[in-house]
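A.B. asks: Here's a structure for you.
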Amino acid sequence: MPTAPAHALTDATTSDRTLRRFLHGLPGVDTVGLEARAASLGTRSIKTTAKAYAIDLAISMIDLTTLEGADTPGKVRALGAKAVNPDPTDRGTPKTAAVCVYPDMVATAKEAVGDSGVKVASVATAFPAGRAAIDVKLGDVREAVAAGADEIDMVIDRGAFLAGDYMTVFEQIRAVKEASGEARLKVIFETGELSTYDNIRRASWIGMLAGADFIKTSTGKVGVNATPANTLLMLEAVRDFREQTGVQVGVKPAGGIRTSKDAIKFLVLVNETAGQDWLDNHWFRFGASSLLNDLLMQRQKLATGRYSGPDYVTVD
């Protein structure tokens, strides 16, 4: 197995016993307080110049995603073209951060984005259920990396986590991190299946201790995905982790974020919780597809004073 990350909390991961003691020693989550703070921050009003800045920032943070069984090379090429040039009528529109596809579509996506700077991310580890043997999961990762993936989005074994087998989850993340090589690793918890905020906090710390470059809420394939409250909790975790270790970890809410208003609420959460160091697409992403269309519509509204017709943006 790869060596554990070199930071001040490595003693917490020396055994199953020490990891369990650490995770269950984390402060319990005040559910009422967490949800009230998330709701309060969501009422902040962002106007004019600040709103235009926030919309462009949100566009630059999107992982433009297609993860369907019916994905074709043509669809992936079209998505890559949209990521590089979201609004053909306005070349000043920011590029998205990445295109996210299945491993067998990585090479096509790489060709589509070329040298634009848009990253290619690939889901792996038997996404979205994560129900596979570790050698199958690692094979999935290596296939994506060999095809040129810049980033890997893995899913944790929720069954192991919910059974209290934290060390298995930790070791699998470490193994995937090693298999990812130079690719940045996003660790997906599927927060909608973890049942409690305390579990989300524990999963966040397992991911960070195991070497995640990002922690991510969801696959977008279940009923409950990213929410302001679960994202706020994860932002608190990365803030506290950096305070204790000096290591910065990114956050990616995914699933259910569809409007500019929603995206701006999440950016307020980032600024007020983790701070401005996370207001950059190297450290914060949106897992979304339909969100981009609304951001483009709102962007043109700010520029022209009117909403575009229904054919202004492509439908993903």
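A.B. asks: Cβ-Cβ below 8 Å, separation at least six or inter-chain, first residue in segment 169-183 and under 14 Å from S204 (Cα atoms), second in a loop (DSSP other than H, G, I, E, B) and among the charged types (D, E, K, R): which pairs?
C.D. replies: V169/D157
A.B. asks: Just one of D213, D153, D198, D165 is under 25 Å from I59 (Cα atoms) and surrounded by fewer than 24 Cβ atoms within 10 Å (Cβ to Cβ); which is it?
C.D. replies: Only one candidate passes the filter, namely D213.
A.B. asks: Specify the residue that is farthest from P128 (Cα to Cα); the eligible residues are those in segment 171-185 that are part of a helix (DSSP H, G or I) and open to solvent by 40 Å² or more (accessible area, probe 1.4 Å).
C.D. replies: Residue satisfying both the conditions and the ranking: E178.
Listed here are the residues, each with its yes/no results for (1) at pLDDT below 95; (2) buried (at least 16 other Cβ atoms within 10 Å of the Cβ); (3) small (G, A, S); (4) closer than 20 Å to A303 by Cβ.
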site	(1), (2), (3), (4)
K82	no, yes, no, yes
G92	yes, no, yes, yes
T96	no, yes, no, yes
A109	no, yes, yes, no
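A.B. asks: Confirm whether W278 is closer than 24 Å to L26 by Cβ, aromatic (F, W, Y), at pLDDT 95 or above and surrounded by fewer than 21 Cβ atoms within 10 Å (Cβ to Cβ).
C.D. replies: In short, no.
A.B. asks: May I ask you to say which residue of L41, L67, L57 is hydrophobic (A, V, I, L, M, F, W, C), at pLDDT 95 or above and surrounded by 15 or more Cβ atoms within 10 Å (Cβ to Cβ)?
C.D. replies: After ruling out the rest, the residue left standing is L57.
A.B. asks: Going through G159, G148, G130 one at a time, which residue ends up being open to solvent by 10 Å² or more (accessible area, probe 1.4 Å) and at positive phi?
C.D. replies: G148
A.B. asks: Within the set of pairs 6+ apart or on separate chains, which have a first residue in segment 11-39 that is over 17 Å from L269 (Cα atoms) and free of Cβ contacts under 8 Å to residues at least 60 places away in the same chain, a second that is part of a loop (DSSP other than H, G, I, E, B) and not acidic (D, E), and C-beta atoms under 9 Å apart?
C.D. replies: Partner pairs satisfying both residue conditions: T14/A4.
The values are calculated or read from the model by the stated rules, or taken from the named source; none is laboratory data. Fair warning: this is a prediction, and the values are worked out from it, not measured in the lab. Cβ coordinates were reconstructed from backbone atoms using ideal geometry, including for glycine residues, and neighbour counts include every protein chain displayed. Accessible surface areas use protein heavy atoms only, side chains included; no ligands, DNA or RNA. Shrake-Rupley method; radii C 1.70, N 1.55, O 1.52, S 1.80 Å.
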